[in-house]
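Worksheet: one structure, shown below.
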Amino acid sequence: MRYSDETRAKVIKYIVSGRTQREACANFRISQPAVSEWWKKYKETGEMGGNNVSKINPIELKAYVKANPKARLEDISKRFGCSYSTAYTTCINLKIIQKKKLKIDPKQLEACVKADPTICGKKLAVEFNCKEASVIRVATKHNIPLMNEHQRKTTNILAYAEQNPSAPHRVIADALGYKTPTVGRILKQHKNNSDGS
């Protein structure tokens, strides 16, 4: 939520009068990170209001983009003296650019999982250059069985331990790139589960 310069000034004056940031948050119903950022800026620069430089005039922005249709967000942020994220948000709000909807091809995802059944969402997110949640959402929607990180570690550790039954935990951990306590815990859980059944 964007707060007015007037609100920011009131919060800063409230703190300057001897109140704490926490009291300001409760009194003005504003989040702690916002108040903390405003107070930090006030101590550094003495300004009570917002950063007016980061505000982009929508008419000027539209005119600039019309005159420079190949302008990138970096160009816009330099031209208007604002951050990349401010330029991006403003362009989205003015419908100058559209949010890109990431499309993960379910067939390609399924092929990756078939090629390596122990692959997890985290590794696939790197592969598809997206967030892990996006991979999980597509996998769930298309009934693609996907391991989480713990399941993948467990599978890898148990497979290695089965192939090398006399290998100490440290050797397994070094070979697979895990921490020794993790290997010990997983093998102990597996042994307890095997003994219990």
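Quick look at the values:
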{"read-out": "Residues of segment 159-184 that turn out to be under 24 Å from Asp116 (Cβ atoms) and in a helix (DSSP H, G or I), as a count", "value": "13"}
{"read-out": "Test for Ile144: is it closer than 30 Å to Arg2 by Cβ and surrounded by 14 or more Cβ atoms within 10 Å (Cβ to Cβ)", "value": "no"}
{"read-out": "Conditions (1) surrounded by 14 or more Cβ atoms within 10 Å (Cβ to Cβ); (2) assigned to a helix (DSSP H, G or I); number of the one not met by Ile104", "value": "(2)"}
{"read-out": "Residues (within 22 Å of Ala173 (Cα to Cα) and either part of a helix (DSSP H, G or I) or in the same structural domain as Leu187 (by TED's automatic domain parsing) (or both)) located in segment 107-146", "value": "Gly121, Lys122, Lys123"}
{"read-out": "Considering residues of segment 62-101 that are farther than 30 Å from Ala139 by Cβ and surrounded by fewer than 11 Cβ atoms within 10 Å (Cβ to Cβ) only, the residue modelled with the lowest pLDDT", "value": "Asn93"}
{"read-out": "In segment 172-197, residue surrounded by the fewest Cβ atoms within 10 Å (Cβ to Cβ) [restricted to those that are modelled with pLDDT of 85 or more and of a type in the set (Ser, Thr, Tyr)]", "value": "Thr180"}
{"read-out": "In segment 25-35, the residues that are over 27 Å from the mean Cα position of the chain (by Cα) and under 17 Å from Arg2 (Cα atoms)", "value": "Phe28"}
{"read-out": "Some residue of segment 109-129 being modelled with pLDDT under 80, farther than 30 Å from Lys62 by Cβ, surrounded by fewer than 18 Cβ atoms within 10 Å (Cβ to Cβ) and in contact with a Cys (Cβ under 7 Å, 6 or more places away or on another chain)", "value": "yes"}
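The values are calculated or read from the model by the stated rules, or taken from the named source; none is laboratory data. Small disclaimer: the values here were computed from a predicted structure and weren't measured. For neighbour counting, all protein chains shown are included, and Cβ atoms are generated from backbone atoms with ideal geometry for every residue, glycine included.
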